[in-house]
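S.K.: Supplied in structure tokens, the structure appears directly below.
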Amino acid sequence: MAHGSGRELPRPREPLTRERIVGAALVIIDEEGVDGLSMRRIAARLGVQAMSLYNHVQGKSDILDGVTEYVTTQMRMPRRMTGSWEDGVRSIAYAFRQAALRHPRACELVLLRQLSTPTALAPVDTMLAMMLDHGFDEETAVHALRLFISFQVGSLLWHVHTSPSGAGRDPAAIREARTAYFAGSGFPAVAKVAPILAVNDHEADFAFGVELMIDALRSLAPVRDQASAPAAVPVPDGGPRRRTV
């Protein structure tokens, strides 16, 4: 809108909120990783003074909790799982993975800070409740949860740090070079599996790990839940598919 003098009035600045601060922090983490995050960097991105952030957040740790909460809410899991516990583990595993990979550089942060806020505790409660509802004892349920989180952290970090970088790189050429490197390494076992080792199929590796966890937990399941269930095989979109026998 023009003023009487012909000059345009400056647009009102968008109010500073906790949500805007967390959003700016997530953008910085996506671009540079958690190490690149600071109150000064967040303030500069929002065009405000760093001290003004403290009117809405307690500090950097509070912001990291906010990022964890935001990514966690993207999982959109029910409070209680229905069906078998095996399918429940698969559903939670893939929901965690898909939400974290939308912001891959925040994935470690999310998985390591999940016990720090009530919102982030929701999926933790979902998994624990599922295990307890199916008759697993409390200690086994907690051990299974920690194994699950450790597997997610490891697989996501492996995904992020071993994915090819750089536009225009030929995947076939990369695979050929890696195969040649492993084949000529001088280590017999490495050379023998060189063509397989040269390929990082993250989705297949993740599916293999999920099914391995489920197989291990079956030996600890209550008698009523030990009936053999059809195994799952990975499909191209990364979700589980049942194999009938």
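The values are calculated or read from the model by the stated rules, or taken from the named source; none is laboratory data. The structure presented is a predicted model; accordingly, all values stated were derived computationally and were not measured. Quick reminder, even Gly has a Cβ in these numbers, built from the backbone with ideal geometry, and neighbours come from all protein chains shown. Note: accessible area is taken over every heavy atom of the protein model, side chains too, but ligands, DNA and RNA are not part of it. Shrake-Rupley method; radii C 1.70, N 1.55, O 1.52, S 1.80 Å.
S.K.: Quick one: order ASP62, ASP125 from most to least accessible surface, probe 1.4 Å.
M.R.: Greatest to least solvent exposure: ASP125, ASP62.
S.K.: While we're here: If I take R0 = 41 Å and measure r between the Cβ atoms of ALA44 and ASP125 in this structure, what FRET efficiency does the formula 1/(1 + (r/R0)^6) give, to the nearest 0.05?
M.R.: Step by step, r from the Cβ atoms, then E = 0.65.
S.K.: Further question: Can you put ARG41, ARG90, ARG169, ARG113 in order of accessible area, largest first, using a 1.4 Å probe?
M.R.: In descending accessible area the options line up as ARG169, ARG41, ARG113, ARG90.
S.K.: Once the Cβ-Cβ distance between ASP133 and ASP35 is put in as r, and R0 is 41 Å, what FRET efficiency do you end up with, to the nearest 0.05?
M.R.: Here the calculated transfer efficiency is 0.55.
S.K.: Here's another thing I want to ask about it. What is the gain in length, in nm to one decimal, between TYR54 and PHE187 on full extension, counting 0.36 nm per residue of separation less the C-alpha to C-alpha distance?
M.R.: Result: 42.3 nm gained on full extension.
S.K.: Right, next: Run the numbers for GLU203 and VAL142: contour at 0.36 nm per residue of separation, minus the present Cα-Cα distance, in nm.
M.R.: 19.4 nm
S.K.: Contour minus end-to-end for ARG18 and SER163, with contour as 0.36 nm per residue of separation and end-to-end as the Cα-Cα distance?
M.R.: My answer for the length gained is 48.9 nm.
S.K.: With every protein chain left in place and a probe of 1.4 Å, what is the accessible surface of THR140, to the nearest 10 Å²?
M.R.: My reading of the accessible area for THR140 is about 20 Å².
S.K.: To the nearest 10 square angstrom, what accessible area does TYR70 show with a 1.4 Å probe?
M.R.: Surface open to solvent at TYR70 totals about 100 Å².
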